[in-house]
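Have a look at the structure below before the remarks.
The values are calculated or read from the model by the stated rules, or taken from the named source; none is laboratory data. Note that the coordinates shown come from a computational prediction; the quantities given were computed from them, not determined experimentally. Cβ placement follows ideal geometry from the backbone for every residue including glycine, while neighbour counts extend to all protein chains displayed. Protein only, heavy atoms only, side chains kept; ligands, DNA and RNA dropped before computing areas. Shrake-Rupley method; radii C 1.70, N 1.55, O 1.52, S 1.80 Å.
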Amino acid sequence: MKVRVNPWPGETKKVAVFTGIVCNLACVVCGPGASSKWRSELGMGRYNEDEYTPMPGEITVEVEDYDWLSLEHVTFSGGEPMLNQSTLLILKNLNENCNVHFHSNGTQQPSDEFLEAFARFKSFDITFSIDDIEEQFEYLRWPAKWSEVTENILWCRENCPPNIRFEFNSVVSKLNADKRGSLLILSPSNCGK
């Protein structure tokens, strides 16, 4: 199983990992190079690595052959990391002192296996990608449902291990720049631990 690894500039022990394109959303700010849902909607068929142009410094590695134990910081992205098979395997191979940063679209409740893997780490952040709320969220993060994502975020707050910190990331564009204040609903007093 292969993943793409991009070391931070000037760092050897800090990497970003693209776990794969398996994703259940076709977000407006995304495309078929990072979302299987987009590929399906466009009738493009299975993803072929030859279609991808690597970012500067990025390498493709076999999950089983990479030295995950030596890393100090790993940022997971995708697709949706909880839907990509490589994610759990990598999490199980990182040392417990590694700082983990995990991007999610919020549509998935972590399985017991994921919760167990998350609990191993001293520092673990889950960043939910939320660009707006309600109908506008559903447009930007199609076909996600706002009510389901907010339920999942609240579920995570109540059920994830205590070592997890929650964060939110928003892509600001012409489609939501005038509504950024609506995201205050996601303040720590409403959703965070």
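Some points to look at:
- For residue 123, nonlocal amide neighbours, meaning residues 5 or more places apart or on other chains whose placed amide H falls under 5 Å from its own, are 100.
- Isotropically averaged projected area of the chain, using the convex hull of Cα atoms (one quarter of hull area), nm²: 11.1 nm²
- The ratio of the alpha-carbon radius of gyration of the stretch 97-151 to the globular-protein estimate 2.2 N^0.38 Å is 1.31.
- Accessible area per residue in Å² at 1.4 Å probe, computed on the chain: 52 Å²
- Normalised by residue count, the stretch 105-185 yields a Cα convex hull volume of 89 Å³ per residue.
- The 1.4 Å probe gives accessible areas that order 174, 13, 2, largest first, as 174, 2, 13.
- Computed magnitude of the charge dipole of the chain (debye, nearest 20; Cβ of K, R +1, Cβ of D, E -1): 320 debye
- Placing a label point 7 Å from the Cα of residue 165 along the Cα-to-Cβ line, the residues of the stretch 91-110 whose backbone N sits under 12 Å from it are 99-102.
- Taking each residue as 0.36 nm, the span from residue 46 to residue 111 lengthens on full extension beyond its C-alpha to C-alpha distance by 20.8 nm.
- Loop-resident GluC sites (Glu not before Pro) (DSSP state other than H, G, I, E or B) in the stretch 35-100 with no more than 14 further Cβ atoms inside 10 Å of their Cβ: 72, 96.
- Straight-distance crosslink candidates among aspartates and glutamates, where the alpha carbon sits under 12 Å from residue 122 and sequence neighbours closer than 8 are dropped: 72, 96
- Rg and Dmax of the stretch 8-83, Cα atoms only, in Å: 13.8, 40
- Percent accessible area from carbon and sulfur atoms, the chain, protein chains only, probe 1.4 Å: 51 percent
- Normalised by the number of residues in the chain, the mean separation of alpha-carbon contacts (under 8 Å, six or more apart) gives a relative contact order of 20 percent.
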